[in-house]
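Chemist: Dropping a structure here in structure tokens format, bear with me for questions.
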Ligand code: RFL
Ligand code: PHB
């Protein structure tokens, strides 16, 4: 088989890139290791930056999002029984939208159904080859047979555990990593959210987050030790712990219910450079991971997609490779800024096991400064709604 751009990974990055290129008449094939149902069953991100919202509209998949997504003008920072609000709208004139990654992915798969887009599920042993030549190709196993796709470019959209990043020679690649000594235990429940805006709670017992997917679906998280077994967390234990970490006014009115999904996610910051090697381009989690505190992971994937989509469009439609050549540099500049923001927000909101009294005072002072300084709040808001592309 032959295509113009072979896309490894059918998560949000791969699907959005394929959809945007299709609208410009550029052919793609998407190879996905799992089934469609498995991909749609993963509960992940919930907050879309305004830039991603616009990109989804441009891709022709914004209709349901515009009907069902919840526009948020701000968010709360809770400090035990006190707190303050960051008003994104007032400070930046921009807003974010709460619309789950699951829904974004569903909209993208449904859009693919309309043009019979080539998607190969349940692939094994995916191997990008010849990426430093003019004739790259990707081989994979399916149904016990080896298949080969010849292409002009390979887009590695296969997430943190994918194969694409490792196709860049080790002596070229530089990886930067910080692993945090805690995880997030997340629960999804079919209950009305406790607050109409997201609450980020700093508490001596650990961080907690109250979020949502829609007006009858809540998403809550609590910081847990990184090696905590999930089996130790009954629904009752989760709700008890969450209530202890959020302000009493919220704890008193929270509606609890059985968990529909419960999982623990480790927290890490990770950046791999460069994001391009020959004819291979890394996109999204394949190249970088941020802790979820700033809600940046999916949004960064979208900004990578946008840079690559513009580069490939210029290549095919205008025979101009300038943007493609700048892909890695441009994407990484934005990635590092979001990495900084997510690291900072994680540091000020969580309890670290080795936190000294000095570290604790610094954290309290960061929060006190944020509470009282309009400039500090503007910095947070500017990053939260999304830095310019
Ligand atoms: P994905 O979603 O991991 O998709 C990669 C796809 O590639 C497939 N794959 C392969 N396919 C073929 N061959 C191989 N060898 C393959 N290896 C893997 C996988 O099956 C998968 O389908 O990466 P992508 O597309 O770059 O998207 C990135 C986002 O999923 C991720 O950044 C966000 O979910 C991060 N994230 C959040 N981001 C936000 O912007 N806002 C949030 O509020 C937010 N909350 C979160 C999050 C991530 C979380 N977890 C569990 C990691 C909350 C959580 C709890
Ligand atoms: C979510 O709703 O899953 C969510 C919201 C905000 C975050 C992270 C996750 O910072």
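FYI, it's all coordinate maths here, none of it is from the lab. All values derive from a computational prediction rather than experimental measurement. FYI the Cβ positions are ideal-geometry reconstructions off the backbone, even for glycines, and counts take in every protein chain you see.
Chemist: What is the mean projected area of the alpha carbon convex hull for region 291-365, to one decimal in square nanometres?
Modeler: 5.9 nm²
Chemist: Nearest 0.05, what FRET efficiency do residue 139 and residue 106 give at R0 = 30 Å with Cβ-Cβ as r?
Modeler: Taking R0 as 30 Å, the efficiency between residue 139 and residue 106 is 0.50.
Chemist: Using a 10 Å cut-off around each Cβ, can you sort 357, 197 from fewest to most neighbouring Cβ atoms?
Modeler: Fewest to most other Cβ atoms nearby, the residues stand as 357, 197.
Chemist: What does the C-alpha gyration tensor say about the overall shape of region 1-51? Classify as rounded when a/c is under 1.5, otherwise prolate if a/b is larger than b/c, or oblate.
Modeler: oblate
Chemist: Moving on to the next point. Output the 0 to 90 degree angle, nearest 10, between the alpha-carbon long axis of helix 327-349 and the longest principal axis computed from the alpha carbons of the chain.
Modeler: 20 degrees
Chemist: Rounded to the nearest 5, what % of the DSSP beta bridges within the chain are antiparallel ones?
Modeler: The answer is about 75 percent antiparallel.
Chemist: A further question on this structure: Could you please rank 222, 8, 71, 254, placing first whichever residue has the fewest other Cβ atoms within 10 Å of its Cβ?
Modeler: Result, fewest neighbours first: 71, 254, 222, 8.
Chemist: Quick one: helix 357-372 against the long Cα principal axis of the chain, what's the angle to the nearest 10°, folded into 0 to 90?
Modeler: Roughly 90 degrees, rounded to the nearest 10.
Chemist: Take the Cα of residue 79, step 7 Å along the line toward its Cβ, and report every residue of region 220-247 whose backbone nitrogen sits under 15 Å from that point.
Modeler: Of the residues in region 220-247, 247 have backbone N under 15 Å from the label point off residue 79.
Chemist: How much length would be gained if the chain were fully extended between residue 378 and residue 354, taking 0.36 nm per residue of separation minus their Cα-Cα distance, in nm to one decimal?
Modeler: So the chain would gain 5.6 nm between residue 378 and residue 354.
Chemist: Moving on. Given the DSSP H assignment, sum -39500 (n - 2.57) over each helix run of at least 4 residues in the chain and divide by its residue total; what's the result at 222 nm in deg cm²/dmol, nearest 500?
Modeler: -11500 deg cm²/dmol
Chemist: Here's another thing I want to ask about it. Tilt of helix 12-23 relative to the longest C-alpha principal axis of the chain, in degrees (0 to 90, nearest 10)?
Modeler: Around 50 degrees separate the two axes.
Chemist: Each label point is 7 Å from the Cα along the Cα-to-Cβ direction; what then is the distance between the points at residue 24 and residue 253, in nm?
Modeler: 4.8 nm
Chemist: How far, in nm, would the chain grow between residue 63 and residue 95 when pulled straight, counting 0.36 nm per residue and subtracting the alpha carbon separation?
Modeler: The residue 63-residue 95 span can extend by a further 9.7 nm.
Chemist: Taking every pair of alpha-carbon atoms in region 338-389, give the share separated by more than 16 Å as a whole percent.
Modeler: 46 percent
Chemist: Further question on the same structure: Taking the number of other C-beta atoms within 10 Å as the exposure measure, put 90, 253, 330 in order starting with the fewest.
Modeler: So the ranking, lowest neighbour count to highest, is 253, 90, 330.
Chemist: Can you tell me the length gained on complete extension of the stretch residue 235 to residue 317, counting 0.36 nm per residue apart and subtracting the Cα distance?
Modeler: Extra length from residue 235 to residue 317 when fully extended: 24.1 nm.
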